[in-house]
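Here is the structure we will look at, set down as structure tokens.
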Amino acid sequence: MAQAIEFRHVSKRFDHGGLAVDDLSFRVEAGSTMALVGPSGCGKTTSLKMINRLVEPTSGEISVGGRSITSMGLLELRRSLGYVIQYVGLFPHMTVAENIGVVPQLLGWPKAKIAARTDELLDLVGLAPKDYRGRRPRALSGGQQQRVGVARALAADPPVLLMDEPFGALDPITRDRLQDELIQIQRKLRKTIVIVTHDMDEAVRLADRIAVLRAGKLIQLGTPAEVLAKPADDFVADLLGRDRLLKLLRTTPVTKVMQPVGSGEAARISEQGSLEEALLAMLAAGQSRAAVFGGDGGIVGSVTAADIVSSAARR
Ligand SMILES: Nc1ncnc2c1ncn2[C@@H]1O[C@H](COP(=O)(O)OP(=O)(O)OP(=O)(O)O)[C@@H](O)[C@H]1O
């Protein structure tokens with residue numbers, strides 16, 4: 001069962017420093033993904049580390065599953081949190097299987113159960129168990145190591161996954177692929193995920209909601225579509241980049257704008273498609289209207305360029 005996470009007026013002041021986190025309040029619903037984004041030094045990692053108590057707040061309260069984290073034993077808390085960091089930190093002298101089995105082993109699971117769980121997780125993260133379970137981390141690519149890191153964090157089936165720039169060290173193509181895989185994994189497992197990233201595209205892609213931080217303060221909290229459509233201020237707009245409206249088109253399903261009347265236009269787009277794909281289909285066909293087809297190939301509606309423009313303008 002996933003568990004909600006709640007921050008209530010949480011602040012952190014390090015010795016000799018200003019406020020690294022300044023009166024932060026938000027809730028991550030059970031089974032949803034929240035991205036913490038913002039420029040370097042804005043307090044993302046500190047916020048994440050306060051959830052697993054690697055950093056203690058100066059004031060305020062954090063709860064996981066409705067319980068204050070200070071009322072739980074540290075072991076109990078950490079057991080309910082999987083943790084993935086940028087430089088995976090796999091134990092070099094252990095095999096892949098031993099790395100994944102670290103927490104189950106600590107929990108005293110029987111050997112056969114650990115072995116079965118390890119293979120199940122290797123499958124889940126796209127590594128064939130028979131090829132990978134016996135390898136050492138140095139015999140893996142960066143992307144494969146990161147996959148093992150994700151598998152290790154999921155080993156004891158924690159309700160919450162904390163991820164700190166998990167794909168930050170990877171090349172763009174591998175990062176893309178792992179993001180896709182995380183989306184698939186999350187569809188299956190429905191964990192509560194908090195992911196720290198400075199990459200707005202990653203946040204838009206992975207998160208149900210985005211929290212934008214600046215100098216320790218929460219500047220904006222909303223769905224990717226809300227943040228893209230109405231950035232709270234110029235700072236957030238800059239962070240989103242000049243192609244903010246393109247990103248909005250890319251992330252808005254065509255069904256949001258579609259009219260339920262259709263005809264046999266030359267431009268065609270699947271009902272799974274985005275507004276960006278609809279516009280591209282229209283451009284390719286030299287038309288300003290596209291038919292939207294459903295799973296069985298039948299036409300379920302249509303969308304026009306004017307509909308798309310006015311929907312973007314309305315937001
Ligand atoms: N252990 C520490 N002692 C003192 N100051 C710290 C400590 N950890 C972080 N800070 C300070 O707190 C502020 C927030 O740091 P944090 O690591 O949370 O930022 P971040 O948003 O994760 O940045 P980045 O994207 O660069 O990782 C920074 O000013 C940082 O220098």
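With a/c under 1.5 counting as rounded, go ahead and sort the range 273-313 into rounded, prolate or oblate using the C-alpha gyration tensor (a ≥ b ≥ c being the square roots of the eigenvalues; past the cut-off, prolate if a/b is larger than b/c, else oblate).
Prolate is the answer for the range 273-313, as a/c is 1.5 or above and a/b outweighs b/c.
Would the chain count as rounded, prolate or oblate if I go by the C-alpha gyration tensor, calling it rounded below 1.5 in a/c and otherwise prolate when a/b exceeds b/c, oblate otherwise?
Cα axes put the chain in the oblate bin.
Among all lysine pairs in the chain that are eight or more places apart or on different chains, how many have alpha carbons less than 15 angstrom apart?
Value for the chain: 5.
Within a 10 angstrom radius of the beta carbon, how do Arg138, Arg268 rank from fewest other beta carbons to most?
Arg138, Arg268
Could you put Ile299, Ile183, Ile308, Ile85 in order, starting from the residue whose Cβ has the fewest other Cβ atoms within 10 Å?
Sorted ascending by nearby Cβ count, the order is Ile183, Ile299, Ile85, Ile308.
Based on the alpha-carbon gyration tensor of the range 161-238 and its eigenvalue square roots a ≥ b ≥ c, which shape applies: rounded if a/c is under 1.5, prolate if not and a/b is larger than b/c, or oblate?
Note, shape of the range 161-238 comes out prolate.
From the alpha carbon gyration tensor of the range 203-315, can you work out the equivalent ellipsoid semi-axes (sqrt of 5 times each eigenvalue) and give them in Å, largest to smallest?
Over the Cα atoms of the range 203-315, the semi-axes work out to 31, 13, 10 Å.
Which value, in debye to the nearest 20, describes the size of the charge dipole of the chain about its Cα centre when Lys and Arg Cβ atoms bear +1, Asp and Glu Cβ atoms bear -1, and nothing else is charged?
In debye, rounded to 20, the chain gives about 700.
Tell me the label-point distance for the pair Leu280, His9, using the 7 Å Cα-to-Cβ offset, in nm and rounded to one decimal.
The modelled label-to-label distance comes out at 4.9 nm.
Using modelled backbone amide H atoms (1.01 Å from N, in-plane), which distant-in-sequence or interchain residues come within less than 5 Å of Ser32's amide H?
Ile193
Fewest to most neighbouring Cβ within 10 Å: what's the order for Tyr132, Tyr87?
Tyr87, Tyr132
Kindly write out, for the range 256-273 in residue order, the coupling ³J(HN,Hα) from the Karplus curve 6.51 cos²θ - 1.76 cosθ + 1.60 (θ = phi - 60°), rounded to whole Hz, with x marking Gly and Pro.
Taking θ as phi minus 60°, the curve returns 5, 10, 4, 9, x, 10, x, 9, x, 4, 5, 7, 10, 9, 6, 5, 7, x Hz for the range 256-273.
Please list 53-61, 278-286 highest first by mean number of surrounding beta-carbon atoms within 10 Å per residue.
The densest-packed peptide leads the list: 278-286, 53-61.
Under a Cβ-only charge scheme (Lys and Arg +1, Asp and Glu -1), can you give me the dipole magnitude of the range 252-314 about the Cα centre, in debye to the nearest 20?
Value, rounded to 20: 160 debye.
Between the range 74-89 and the range 192-259, what is the C-alpha centre distance in whole Å?
26 Å
For the residue pair Arg27 and Lys256, what label-to-label distance in nm results when each label sits 7 Å from Cα along the Cα-to-beta-carbon direction?
Result: 2.4 nm between the two label points.
Calculate, in nm to one decimal, what Ser68 and Arg53 gain on full extension: separation in residues at 0.36 nm each, minus their alpha carbon distance.
4.2 nm is the gain from fully extending Ser68 to Arg53.
We did not get these values from a lab; they are worked out from the coordinates using the rules stated. What you are looking at is a predicted structure, and each value in this text was computed from that prediction instead of being measured. Cβ: placed from backbone, ideal geometry, glycine included. Neighbour counts: every protein chain shown.
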